[in-house]
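Input: a single structure, listed below in structure tokens.
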Amino acid sequence: MAKILLAEDEEVLRMLVVDTLEDEGHDVTEAENGEEALEFIKERDFDLIILDYMMPVFTGLEVIQQLKEMKDKRHTKVLMLSAKNQATDQSRVLEAGAAYFMSKPFSPLLLAERIEEILDEQ
């Protein structure tokens with residue numbers, strides 16, 4: 001069982017992803033925006049952080065930038081979800097420090113498979 005933080009501002013999508021990941025046996029913490037995600041990151045450790053690119057308060061990119069400044073958290077794997085799926089957007093995400101990128105819309109089952117692959121790399 002992995003500890004996963006999901007930061008996604010779209011409630012329906014967040015619920016769908018949480019249900020899928022919990023069905024896989026993972027412990028999922030939900031954040032509605034980048035600020036809330038950072039609060040959770042400061043409080044506890046996660047095996048994986050899933051960030052939406054476009055969120056209120058802090059974007060996924062801004063969360064990654066702040067994560068890199070936290071010495072004890074900077075090696076946490078990050079998967080970025082985004083409807084912005086141009087090659088330049090993907091490059092920007094990966095250059096910022098996300099290890100993985102997944103375009104929206106996506107299949108929850110495909111996301112679960114990708115997460116298992118990411119967690120198996122650890």
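Can we say MET15 is within 23 Å of GLU121 (Cβ to Cβ), among the hydrophobic types (A, V, I, L, M, F, W, C) and open to solvent by 70 Å² or more (accessible area, probe 1.4 Å)? No, not satisfied. Taken across region 95-105, residues that are open to solvent by less than 40 Å² (accessible area, probe 1.4 Å), touching a Gly at 6+ places or on another chain (Cβ under 9 Å) and at pLDDT below 90 do occur, with at least one present.
Annotation note: of LYS42, LYS73, the sole residue that is farther than 23 Å from GLU22 by Cβ and open to solvent by 60 Å² or more (accessible area, probe 1.4 Å) is LYS42. Among the residues making up region 79-97, a single one is within 23 Å of LEU16 (Cα to Cα) and in contact with a helix residue (DSSP H, G or I) (Cβ under 6 Å, 6 or more places away or on another chain): MET80. When ARG114 is tested against (1) in contact with a Leu (Cβ under 9 Å, 6 or more places away or on another chain); (2) open to solvent by less than 60 Å² (accessible area, probe 1.4 Å); (3) under 21 Å from GLY25 (Cα atoms), just one condition goes unmet, and that condition is (2). Summed over region 43-89, the residues that are without any contact (Cβ under 8 Å) to a residue 40 or more places away in the chain, of a type in the set (Lys, Arg) and within 18 Å of GLU116 (Cα to Cα) give a count of 0. Checking the conditions here, which among GLU30, GLU24, GLU8 is modelled with pLDDT of 95 or more, of a type outside the set (A, V, I, L, M, F, W, C) and over 18 Å from VAL93 (Cβ atoms)? After applying the criteria, what remains is GLU30. Residues of region 2-37 that are hydrophobic (A, V, I, L, M, F, W, C) and closer than 20 Å to LYS73 by Cβ: ALA2, ILE4, LEU5, LEU6, ALA7, VAL28, ALA31, ALA37.
The values are calculated or read from the model by the stated rules, or taken from the named source; none is laboratory data. Computed from a predicted structure; not experimentally measured. Please note: Cβ atoms are built from the backbone with ideal geometry, for glycine as well, and neighbour counts cover all protein chains shown. Accessible surface areas use protein heavy atoms only, side chains included; no ligands, DNA or RNA. Shrake-Rupley method; radii C 1.70, N 1.55, O 1.52, S 1.80 Å.
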